[in-house]
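What follows is a set of notes on a single structure, which appears directly below.
The values are calculated or read from the model by the stated rules, or taken from the named source; none is laboratory data. Just so it is clear, the model here is predicted, and its values are computed rather than measured. Here the Cβ positions follow ideal geometry from the backbone for every residue, glycine too, while neighbour counts run over all protein chains shown. For accessibility, only protein heavy atoms count, side chains too; no ligands or nucleic acids. Shrake-Rupley method; radii C 1.70, N 1.55, O 1.52, S 1.80 Å.
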Amino acid sequence: MKSQIIYFVAFLLVVVFVASCEKTVEFKSDEIEPKIVVNAVFYAGNRHKHVKVEKSRSILNDKGYFEALPDANVRLYEDGKFITEMNYISRIDTFYDRLNYGVVEKYPFEHGVYSDTSLVVKPGSTYRLEVTHDGFDPVHCETNVPVPVELGEMSIAMEKIPKQHFENYFRIKLKLPVYDAENEVNYYRMRVGREQGYEAALKMFGGYYYNGPGSVYYGGGGYYGGGYGRSPSIDIDSVVPSDTIIQEVSYNMMVYSYDPVFSPDGNTDVLTTESGTIDFFTNELINSGKYDLSFRLESWRDVYTEIGEYLKIHAHVMSLSPELYFYSISRQQQSLAMDNPFAEPVPVYSNVVGGIGIFGSAGTTIRWATIGNYPLEEKTYIEKDEYFKQDYNY
């Protein structure tokens, strides 16, 4: 009993000691000086260059916008030579703060950009921005524009694979040859788009059509013979084709791969799970000048090429400057860690000296591969939304 009393007293002493060590630190946001924020990405071969120059805001500011600095002096240099002072294009935007009980407050704010079209961005050149504004510390940043990567012809194949609960499930397999420089570290990002043409005789069935403010949507159904797989009662040989192909375009498709080149720095480790999607990668594991990237997409529907349907896949491979790569990766990692109480805080990379933001560059190369024949002279092609607007008299 005596020992229990001693332990209890010792515990109380520890609690009192720890409590006495606590210190309240007052956060004085008013004493933090705002900084210049620069955001710009230059693309190789592009004449249009836009630079956003804004004022940083307090972490306690819950308004979802940044205010532009319209009176800044933005000087652009190419390979150390002064090119131009960029012109400001004013834009007024409105932030809508939706409060309780349906109350909405409006906040107009300046949302302009600094622009220049006097020269084409040259791959291999170094560009530098120097920005000054009264009341702020001057900032500068620079980027070396990467040379767009050389790509070979992309191959495509489609195979039917078994999948539980669904009659038809298809895998679109793609290979894309990449010719990479072996003597330097290169950074890439790949985005994949999909364009598909459907025979109007197999137009959408079931579901509903909605044409509201700013959106047109048809849901709840699927293309006949599509949806959750090709219907077992359909004999494609008995279909009477029309002269119309309905086109549907999707961007930033979810892409899967077990290729070790694709970086595990994305949403998940693509080497161990099929739920990982491709985004950023480097040439770290590319040991030769040519490498065939392998990846795939998934589809619930076959492509009936015999009646004029087609499937076209676009692969956009961006060569990224190092600063744009590290900024993008850090933004992605910060987003993934945001709601995780056990994750370490992730600082966002910045190359703006004296301020905040990113000045990066990129060069894009595009390849595509097609299943089926497109276009066909005997077919009329129409976008999905336009087709169903006519069908529903909207």
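The table below gives the values:
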| quantity | calculated |
| --- | --- |
| Which numbered condition residue 136 misses (of (1) open to solvent by 60 Å² or more (accessible area, probe 1.4 Å); (2) farther than 26 Å from residue 187 by Cβ; (3) part of a loop (DSSP other than H, G, I, E, B)) | (1) |
| Subset tally (residues that are of a type in the set (S, T, N, Q), buried (at least 18 other Cβ atoms within 10 Å of the Cβ) and not in a strand (DSSP E or B)) for the range 139-169 | 1 |
| Number of the exception - residue 237 against (1) open to solvent by 60 Å² or more (accessible area, probe 1.4 Å); (2) modelled with pLDDT of 80 or more; (3) touching a Pro at 6+ places or on another chain (Cβ under 9 Å) | (3) |
| Which listed residue, of 85, 78, is surrounded by 16 or more Cβ atoms within 10 Å (Cβ to Cβ) and of a type in the set (Asp, Glu) | 78 |
| Residue satisfying condition, being part of a loop (DSSP other than H, G, I, E, B), out of contact with any helix residue (DSSP H, G or I) (no Cβ under 8 Å at 6 or more places or on another chain) and farther than 30 Å from residue 65 by Cβ, within set 119, 176 | 119 |
| Tally, over the range 316-344, of residues that are modelled with pLDDT of 95 or more and assigned to a loop (DSSP other than H, G, I, E, B) | 1 |
| Selection from the range 345-363 of residues that are open to solvent by less than 30 Å² (accessible area, probe 1.4 Å) and in a loop (DSSP other than H, G, I, E, B) | 351, 352, 355 |
| Residues within the range 118-133 that are modelled with pLDDT under 95 and open to solvent by 50 Å² or more (accessible area, probe 1.4 Å), tallied | 1 |
| Sole residue being within 30 Å of residue 248 (Cβ to Cβ), open to solvent by 40 Å² or more (accessible area, probe 1.4 Å), modelled with pLDDT of 95 or more and among the hydrophobic types (A, V, I, L, M, F, W, C), chosen from 366, 313 | 366 |
